[in-house]
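Since the structure comes first, as structure tokens, the remarks are kept for the end.
Throughout, read-outs are computed from the coordinates displayed, never taken from laboratory work. As the structure is a computational prediction, the values presented were derived from the model and not from experiment. Note that each Cβ is placed from the backbone with ideal geometry, even for glycine, and that neighbours are counted across all protein chains shown.
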Amino acid sequence: MKTAMERTRAWDGYVKKYYIYAVLLFMVTLFSVVKLDRVAFFGRGHFLSPDSIVNLLRSAVPILTVCGAFTLLMISGHIDLSVGSAMSLSAVAFSWMILNGFALLPSLALTLVLGIAMGFLNGFLVMKLRITPVIATLVTLNLFKGIALLIVPDGLSAIKGAEGKIMPAWINNYGRKEVLLGLPWAFYVAVLIIAAMVVLQRKTIIGKYSAAIGGNRTSAELSGINAVKMVWLLYVVVGVFAALAGVARASYMSLGDPLSGDGMELDCIIAVLLGGTAFSGGEGSVSKTVVGALIIMCVTTGLMTVIPAFWQTMAKGTVLIGAVVLNHLLVQKRMNQA
């Protein structure tokens, strides 16, 4: 028979492995008992109705696109607070090019180049100039947002050089047109990205090196890992996927909104912490971050139905505190067991 200590360890293992799914189930159950039939977002009726689930997954496309790469970056012990502004700038730049007569492929290619450049800049500041990641990416957060506001100075419909023009319908199809199960191409691209990030973490040296760098950078470098190049690469990958998220958002909204990414960095951090990734790095799970992202979307859309808009930020901050505390407790338990 198992001893009390063995049973405790087995229970701890179950909690560590499945708690994130329990939290998601709790959130779905909580908002399912709230009357949502008068809220336009949820279509016709219940939180668990097909229309509601489709709308929720559509709105989750940007965070699903970014969260996998963001997780790998945080596993390496680094963070990118500019991801939301990078998404906004990409949405604005993509919209500007389309509205000014650029073809789709050049517009998409140049937007991805912009994402590479933004990630490269973050990596340069953090890994070459050795500026603290929080400070470096806080600076670029404001830089990217400022550039987006220069392109759209007088409101969402006033992109310079494209006043009075509207996005063509074929662009909107990527983020809106139903392809399968009521969901657009943008959602399935996000699913493919997540799958690639899961494989990258579990089956390639990028995932292993990220964990090694986050666990102990000095030991990783002594083992022959080039921490500077690896983390720099992760910043670039985050920038690329932020650009793709911006394209999806521009397609869905049919415009380039310079503020569309506001709060994205907070949502990503909450999702990653809920997924069990240590804030200090060293370990984590892309797949559990995805569940954390779905929890965030449930909370965001659920709060829209029960509290005023100006309370929602405070409520999400409370969720962040809970995620940080939960993450700290799990990390402390792992350290004690070690």
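List of remarks:
- In nm, spacing of pseudo-spin labels at Lys128 and Ile321 (7 Å Cα→C-beta vector): 4.1 nm
- Using a Förster distance of 22 Å, the FRET efficiency for Val113-Val228 (Cβ separation, nearest 0.05): 0.50
- Between Lys177 and Ser59, the modelled labels are 2.5 nm apart [label points 7 Å from Cα along Cα→Cβ].
- For the residue pairs Lys203/Lys229; Lys145/Lys288; Lys229/Lys288, the C-alpha atoms sit more than 21 angstrom apart in Lys145/Lys288; Lys229/Lys288.
- Label-point separation in nm, Phe26 to Glu283, each point 7 Å along Cα→Cβ: 2.2 nm
- Applying 0.36 nm per residue to the separation of Ile135 and Ala103 and subtracting their alpha-carbon distance, the gain on full extension is 7.8 nm.
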